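The values are calculated or read from the model by the stated rules, or taken from the named source; none is laboratory data. Everything quoted here is computed from the prediction, not taken from an experiment. Note that we place each Cβ from the backbone using ideal geometry, even for glycine, and neighbour counts take in every protein chain shown. Remember, those area values only see protein heavy atoms, side chains included, never the ligands or the DNA or RNA. Shrake-Rupley method; radii C 1.70, N 1.55, O 1.52, S 1.80 Å.
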Amino acid sequence: MLRLSARWSALAERFDRATPADRNRPVDALRALAILGVVLGHWLVTALTTTAEGGLRTTSPLAHQPWPAPLSWVFQTLAVFFLVGGHVAARGHASARARGIPYGTWVGQRLGRLFRPVAAVLGLWGLAAGGMLLGGAQVDTVMTLLELVWSPLWFLLVFAVLTAATPLVARLSPVWPAAVVLAVDAWRFGFGGPEWIGWVNVAAGWLVPYTLGAAWSRGAYAGRRPALLLCSGGAAATVALVVWCGYPASMVGVPGAAVSNLNPPTLAAVAFGLAQCGLVLLLRAPLDRALRRPRVWAVVALVNLSAMTVFLWHQTSMMAVTAVGLLFSSDVPGLHTTPASASWVVARLLWLPVFAAALAVCWAAFRCYEHPRPTRRHRARPTAAAVGGADLAPSPVRAAALRQAPATVPVPGPRGVRVRPTAVEEITHA
């Protein structure tokens, strides 16, 4: 145990030394927290129950009991992800323009990092779905599983569109997309407008935190007062909309509910997202102090390096554990039983480490799609070789090498793993 702790300390120190001094560490921490919030939220509010015909269907504890609704307020962190995404994209595009990089090259690199790992998920599940159908599985069961895999991907499409539109929306005031959400909800709920009009809010609703992040990259919200007003105003508006305007208390979709705050986003979801964004902006200074500790920063950097893999495969890991449980019983508490009591929530909490272990297996198998190995041509570049050799050089030489090519420095990680914590853009853009 002491030897393992010593190795982890040495690795954390290398991560810390290899990170440029001007790196905005809280941005990475917020992105990691946003991804982990989505993962834990899905694991807690998604249940696969067995049917009388022996198949599987999706349900949620929120559909059977109202008291877990506050959990959705803790784990609904998509607004934070879009806040960070807007911040990083606006900063990255401004940097690319300053270096003379064309828009097409910049957006192609960013979207490539985003969608390359998706191909592995879709390919595997395409084969798995075909195999299950040929093996006699019920069509409804297969569609239920595929829906769990596909449902998280919608936000990647929205994120990709907003990323591509960064030059157009980076300086847009958040007031304008928020006004669109308000108008759509007023028409939809107040004047009996068509339901389809709500899908306008998929772009407008997430554009609000995205433009907040872009403004943050330009130095807005530098003081505590703007962030405090954002947090308190968003929280007050959320409470008012839920208590007096009839919006659902849950900030995630609930199967069978007449209205969802998430699909599509409502004014309540936008107000809640503003409160979250204000809160995390208030926490920047404490986060920065905490992330100066090498061990804390190493965890954040590692999560960021595998963020897409974790996001894309977390539902698969939950379904794999559920399927293995069926080999022993079709009535395992917290896996196959109806989530209609507090005991189900307790049982599900006990299953979370098992889901995490299954996710670790998926990570080991599929992380290569998020960080493909460099080609021989790229490995042979002199700058990469020079910097790679500087990893063991005295610190002044090594620091100079990092300044020359920070994105190519290899840092030994856990046994059998090569990580690059100094890939300044890659950690936050993956």
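What does the charge count near residue 165 come to, summing +1 for each Lys or Arg and -1 for each Asp or Glu among other residues with Cβ under 14 Å from its Cβ?
Working: positive: 110, 171; negative: none.
Here the charged neighbours net out to +2.
Calculate, in nm to one decimal, what residue 176 and residue 342 gain on full extension: separation in residues at 0.36 nm each, minus their alpha carbon distance.
55.6 nm
How large is ³J(HN,Hα) for each residue in region 322-329, as worked out from phi by the Karplus curve 6.51 cos²θ - 1.76 cosθ + 1.60 (θ = phi - 60°), to whole Hz, x for Gly and Pro?
In residue order, the calculated couplings are 4, 5, 5, x, 5, 5, 9, 6 Hz.
Per residue, what accessible area does the chain have, given a 1.4 Å probe and all protein chains present, in Å²?
Numbers: 20540 Å² over 430 residues.
I get 48 Å² per residue for the chain.
Which trypsin sites (Lys or Arg not before Pro) in region 235-321 sit in a loop by DSSP (not H, G, I, E or B) and have at most 13 other Cβ atoms within 10 Å of their own Cβ?
Details: sites: 284, 289, 292, 295; in loops: 292.
Those satisfying the criteria are 292.
Return the FRET efficiency for the residue pair residue 99, residue 349: r is the Cβ-Cβ distance, R0 is 60 Å, and the value is rounded to the nearest 0.05.
Computed FRET efficiency for residue 99 and residue 349: 0.80.
Of the heavy-atom accessible surface of region 221-271 (probe 1.4 angstrom), what whole percent is carbon and sulfur?
68 percent
In nm, to one decimal, how far is the residue 326 label point from the residue 3 one, both placed 7 Å along Cα→Cβ?
4.3 nm
Using only helices, what value at 222 nm comes out for the chain when you add -39,500 (n - 2.57) per DSSP H run of length 4 or more and divide by the total residues, to the nearest 500 deg cm²/dmol?
-21500 deg cm²/dmol
If I compute solvent accessible area with a 1.4 Å probe over the protein chains, what percent of it on region 98-182 is carbon and sulfur?
Working: 3270 of 4500 Å².
In region 98-182, the share of accessible area belonging to carbon and sulfur is 73 percent.
Would you pull out the residues with amide H under 5 Å of residue 56's amide H, same chain only if 5 or more places away, H placed 1.01 Å from N?
The answer is 51, 141.
How far apart, in nanometres, would the label points at residue 186 and residue 218 be if each is projected 7 angstrom from Cα along the Cα-to-Cβ direction?
So the two model labels end up 2.6 nm from each other.
Just to check I understand the Karplus step: with θ = phi - 60° and J = 6.51 cos²θ - 1.76 cosθ + 1.60, what whole-Hz values come out for region 131-139, glycine and proline as x?
Per-residue couplings from phi come out as x, 5, 5, 5, x, x, 5, 5, 4 Hz.
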